[in-house]
Amino acid sequence: MRVIPIKIGSILRDDERILDARSSVTLIDTGEKRIIVDTGHQGDRGVIVDSLSARGLTPEDIDVVVNTHLHLDHCGCNLIFSEAVFYAHQGENPPIHFRRADEGTEVASGVSIMHTPGHTAGSISVIARTGSSVYAIVGDAIPTIENYETMSPPRINIDERLALESMKRIIDTASHIIPGHGAPFETTL
Ligand SMILES: [Zn+2]
């Protein structure tokens, strides 16, 4: 199993205001299935296609797409993955063709869902186990490494305490975290 950042997410702020937000896009290749976690902003299409192409892949090669939640900066390029089955949590009110991603749902062998609410009610993280490493692709349950370092919940949240509980659960589980809007990092807490 390989976990490959296809695009590192970003966020641009002007004091409190968010000017531009684009999610991380991550490829998990289990050898059997190819999974994309979050599909970025709709303007990221070219970058995603180029990044896949550099690895000998096209969007049609992707079997599964998981959206950590359905804010537009995390599902903007869903439509390019025309052959994939889609997963999201029911709490996000996904379109009818989506499959349910609940706590413990296995989307592929060694790749499972953790329900990590707080940013939104239906926020999920994808847990991929390979060797002694446990990767967590967490969306906005942990938007950036700063949230992790200061143990601050995402600024946009439906419940601060719930968001913090989800962060702790992720940190207890994962050795490597891919945040919603920044580069991957290893946990040391
Ligand atoms: Zn969000």
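Across the chain, the relative contact order, built from alpha-carbon pairs under 8 Å that are at least six residues apart, equals 18 percent. Label zone (ARG161, point 7 Å along Cα-to-C-beta; backbone nitrogen cut-off 15 Å) within the range 108-130: 118.
Of the residues ALA136, TYR87, LEU70, the one whose Cα sits farthest towards the positive end of the charge dipole of the range 60-144 is ALA136 (charges of +1 on Lys and Arg Cβ, -1 on Asp and Glu Cβ, taken about the Cα centre). When the Gaussian network model of the chain links Cα atoms closer than 10 Å, the mean-square fluctuations of ASP38, ASP63, ASP73 top out at ASP63.
Shown is the FRET efficiency for ASP172 and ALA121, computed with R0 = 22 Å from the Cβ-Cβ distance and rounded to the nearest 0.05: 0.55. Highest-first packing order for the peptide set 122-131, 74-83 is 122-131, 74-83, based on the mean count of other beta carbon atoms within 10 Å. Here the chain is treated with +1 on each Lys and Arg Cβ and -1 on each Asp and Glu Cβ, and its dipole about the Cα centre works out to around 220 debye. Kindly state, to the nearest 0.05, the FRET efficiency for THR150 paired with SER109, given R0 = 41 Å and r defined as their beta-carbon distance. Efficiency, from the Cβ-Cβ distance: 0.70. Counting charges near SER166 (Lys, Arg +1; Asp, Glu -1) among other residues having Cβ under 14 Å from its Cβ returns a value of -3.
In this Cβ point-charge picture (+1 for Lys and Arg, -1 for Asp and Glu), the range 1-75 has a dipole of about 160 debye about its Cα centre.
Enter the Cα centre distance for the pair the range 130-189 and the range 28-85, rounded to the nearest angstrom. So the separation of the two Cα centres works out to 21 Å.
The packing ranking, built from the mean of other Cβ atoms within 10 Å per residue, places the peptides 163-174, 21-32 in the order 21-32, 163-174, highest first. Counting only DSSP beta bridges with both residues in the range 2-186, the antiparallel share comes to about 70 percent. Per the Cα gyration tensor, the range 1-128 maps to an equivalent ellipsoid with semi-axes of 21, 19, 13 Å, ordered largest to smallest.
Summing Cβ point charges (Lys, Arg +1; Asp, Glu -1) relative to the Cα centre of the range 79-189 gives a dipole of roughly 120 debye.
A short reminder: the numbers here are calculations on the coordinates, not readings from a lab. A quick note: this is a predicted structure, and the numbers were derived from the prediction, not measured. Note that we place each Cβ from the backbone using ideal geometry, even for glycine, and neighbour counts take in every protein chain shown.
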